[in-house]
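The values are calculated or read from the model by the stated rules, or taken from the named source; none is laboratory data. The shown structure was predicted, so the numbers you read here are calculated from the model rather than taken from an experiment. Note that each Cβ is placed from the backbone with ideal geometry, even for glycine, and that neighbours are counted across all protein chains shown. With ligands, DNA and RNA removed, areas are computed over all heavy atoms of the protein, side chains included. Shrake-Rupley method; radii C 1.70, N 1.55, O 1.52, S 1.80 Å.
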Amino acid sequence: MTKAEIVNEISKTTGIERAAVLETIEKFMEVVKDSLANGEPVFLRGFGSFIIKTRSQKTARNISKNTTIIIPEHNIPAFKPAKCFMEDVKAEK
């Protein structure tokens, strides 16, 4: 499902115009992105958590040049679904 499809679905079910829904979704994504960039996790009860995970330093190989490089430790965003979210997804089969 794309962002446009989500906007259309919310607009259709709530009766709120598409422009307002799109603006709200855009602002939500911006707030989540800014919070994670500042090192603050975002917790949405019943849905899940947007968190920062730290990947440790590792050695990688460039096969074409037959060299090794070191990839430094870095942070990545991650999503951890809530328990009830996981149960709902598992029950859909």
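How big is D, in µm² s⁻¹, for the chain by Stokes-Einstein at 20 °C and 1.002 mPa s if Rh is the Kirkwood radius over C-alpha pairs? If you can, show how the numbers build up before the last one.
Numbers: Rh = 16.6 Å.
The diffusion coefficient I find is 129 µm²/s.
When Lys and Arg each count +1 and Asp and Glu each count -1, what net charge do the other residues less than 15 Å away from residue 74, Cβ to Cβ, add up to?
Details: positive: 53, 55, 58; negative: 73.
So the environment of residue 74 carries a net charge of +2.
Using a probe of 1.4 angstrom, how much of the accessible area of the chain is carbon and sulfur, in percent?
Taking all protein chains in place, the chain shows 56 percent carbon and sulfur surface.
Given 0.36 nm per residue, what is the gain on full extension from residue 26 to residue 51 after removing their alpha carbon distance, in nm?
Numbers: separation 25, 0.36 × 25 = 9.00 nm, distance 1.90 nm.
Roughly 7.1 nm would be gained on extension.
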What are the GluC sites (Glu not before Pro) within the range 40-93 that DSSP puts in a loop, where the Cβ has at most 10 other Cβ atoms within 10 Å?
-> 73, 92
For the range 1-73, dividing by residue count, accessible area per residue (probe 1.4 Å) in Å² works out to 82 Å²
Of 2, 54, 39, farthest towards positive along the dipole that unit charges on Lys, Arg, Asp, Glu beta carbons give the chain | 54
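Provide the packing ranking of 61-68, 20-27, i.e. peptides ordered by the mean count of other C-beta atoms within 10 Å per residue, highest first.
Values: 61-68: 8.1, 20-27: 13.6.
Highest-to-lowest ranking by the protection proxy: 20-27, 61-68.
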Would you calculate the separation in nanometres between label points at residue 11 and residue 73, each defined as 7 Å from the Cα along the Cα-to-beta-carbon direction?
-> 4.6 nm
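Divide by every residue of the chain the summed helix terms, -39500 (n - 2.57) for each DSSP H run of at least 4, and state the resulting mean residue ellipticity at 222 nm, rounded to the nearest 500 deg cm²/dmol.
On the way: 3 runs with 41 residues, N = 93.
After summing the helix terms and dividing by the residues of the chain, the value is -14000 deg cm²/dmol.
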Long pairs among 3/27; 53/80; 3/83; 33/53, criterion Cα-Cα beyond 18 Å = 3/83
